[in-house]
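The next block holds one structure in the form of structure tokens; read it before the comments.
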């Protein structure tokens with residue numbers, strides 16, 4: 001396919017998907033004439049008009065000034081051979097029209113590269129930006145302020161390690177990095193640290209639109225509450241009971257699955273350049289395996305947050321955020337939080353609840369004579385009963401074991417201020433069915449609490 005055919009069949013269509021009408025000269029100027037100097041690196045033959053060549057596409061703003069130039073190559077060629085040529089077009093447009101430096105794109109129809117020559121090296125992107133995207137990116141580039149001089153709001157994140165985490169990201173941004181991974185122990189304020197970072201990035205015109213991703217609805221609601229409290233002036237999506245995607249907000253908080261559905265839904269046609277920053281809460285293996293497409297799709301600064309200790313993180317997590325194995329952008333461990341004077345976190349004690357079944361499993365040797373007789377009366381062979389301890393509550397259920405666990409917990413747990421009810425506690429069950437059985441045991445053993453002592457919280461629950 002030659003260049004003209006590539007443009008007509010592929011590139012024009014991809015520009016149209018981003019809202020550009022290539023037949024409207026007020027939006028797209030094809031073959032924009034540019035007076036140029038001779039550059040040894042420019043390999044395309046000179047036009048017959050001396051000292052002048054033509055940019056394949058110029059994407060125009062409302063004032064008619066080129067926001068970006070697009071250099072096209074035939075589909076069979078490497079798009080990157082147009083890199084230097086496109087850059088020189090942009091520079092000569094700026095010189096000729098005495099205006100802003102246009103953004104640079106070069107493509108063979110299949111691969112699209114974006115180059116903000118004043119800030120970053122070229123990078124491959126999923127698609128072309130819309131006019132609003134380019135206008136926003138141009139505004140941010142023209143009005144950005146130094147990050148190093150901007151104060152971090154201590155009312156949002158005033159602890160030294162939180163400030164260090166934020167500054168580590170800012171230092172990377174100043175060195176043209178675009179991906180970051182923050183490892184912070186549970187309870188040390190990952191969300192507040194992130195909100196504080198976003199506050200500064202917005203005040204310095206580094207970002208306008210932020211996507212904050214979580215893996216379940218409960219965490220989404222917590223994050224929404226944090227943004228409402230600490231960034232009350234930033235319009236949020238979603239508002240209460242809002243389901244339709246809105247394009248006029250500053251901060252978007254949603255689950256990975258919801259955003260993946262939006263990306264894949266042609267009715268939304270969400271631009272790959274819609275967000276300036278994507279934050280991934282609880283970044284771990286499942287994020288890389290299942291939702292990597294989200295990070296590939298959006299051309300934005302990306303920050304991963306996780307409480308998983310750096311030594312336990314999968315290599316893919318470091319790879320996703322372009323960090324060396326074992327070396328996140330910043331890490332603050334549980335042990336460091338304990339050692340601080342005064343400590344930021346409290347230590348814990350392990351209470352081991354041992355039963356014969358939990359230690360040895362369920363088999364002929366661990367069953368009582370009564371159990372063996374009951375099996376025999378049902379025509380079952382006790383020799384065929386053999387469950388490892390790891391199978392309990394996965395392949396087999398033992399109600400007595402669950403009851404023992406609940407009784408031990410109620411006896412040994414930290415109580416409320418009255419000394420009666422347990423303090424807030426999380427039980428990590430083996431399965432959803434196991435969680436339901438544990439609740440039933442609580443209700444059976446402690447009926448005086450009328451079914452309110454324990455609640456099942458699972459992904460299937462819309463609340």
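Derivation of every value follows stated rules applied to the coordinates shown; laboratory data play no part. On a predicted model such as this, the values are computed, not experimentally measured, just so you know. Cβ placement follows ideal geometry from the backbone for every residue including glycine, while neighbour counts extend to all protein chains displayed.
Stretching residue 168 away from residue 62 to a fully extended chain increases their span by 34.4 nm, per 0.36 nm per residue minus the current alpha-carbon distance. The listed peptides 74-83, 260-269, ordered by packing as a protection proxy, come out as 74-83, 260-269 (highest mean of other Cβ atoms within 10 Å first). The relative contact order of region 160-339 comes to 33 percent, based on Cα pairs under 8 Å that sit 6 or more residues apart. Return the FRET efficiency for the residue pair residue 94, residue 247: r is the Cβ-Cβ distance, R0 is 45 Å, and the value is rounded to the nearest 0.05. That pair, residue 94 with residue 247, gives E of 0.90. Length gained on full extension, residue 155 to residue 175: 4.4 nm, using 0.36 nm per residue less the C-alpha separation.
Potential lengthening of the chain between residue 403 and residue 425 amounts to 6.2 nm, from the contour at 0.36 nm per residue minus the alpha-carbon distance. Once the Cβ-Cβ distance of residue 410 and residue 119 is raised to the sixth power relative to R0 = 56 Å, the FRET efficiency obtained is 0.40. So, in Å, what gap is there between the alpha-carbon centers of region 1-32 and region 155-214? About 39 Å separates the Cα centre of region 1-32 from the one of region 155-214.
Look at where the Cα atoms of region 398-463 and of region 256-320 average out, and the two centres are 34 Å apart. Shown for 346, 194: other C-beta atoms within 10 Å of each C-beta, ranked fewest to most, produce the order 346, 194. From the alpha carbon centroid of region 321-340 to that of region 86-111 is 41 Å.
Restricting the calculation to Cα atoms, region 3-143 shows an Rg/Rh of 0.92 when the hydrodynamic-style radius is the Kirkwood one.
Taking label points 7 Å from Cα along the Cα-to-Cβ direction, residue 264 and residue 140 give a separation of 2.7 nm. Taking the Cβ-Cβ separation of residue 4 and residue 440 as r and a Förster radius of 60 Å, what is the calculated FRET efficiency to the nearest 0.05? Taking R0 as 60 Å, the efficiency between residue 4 and residue 440 is 0.25.
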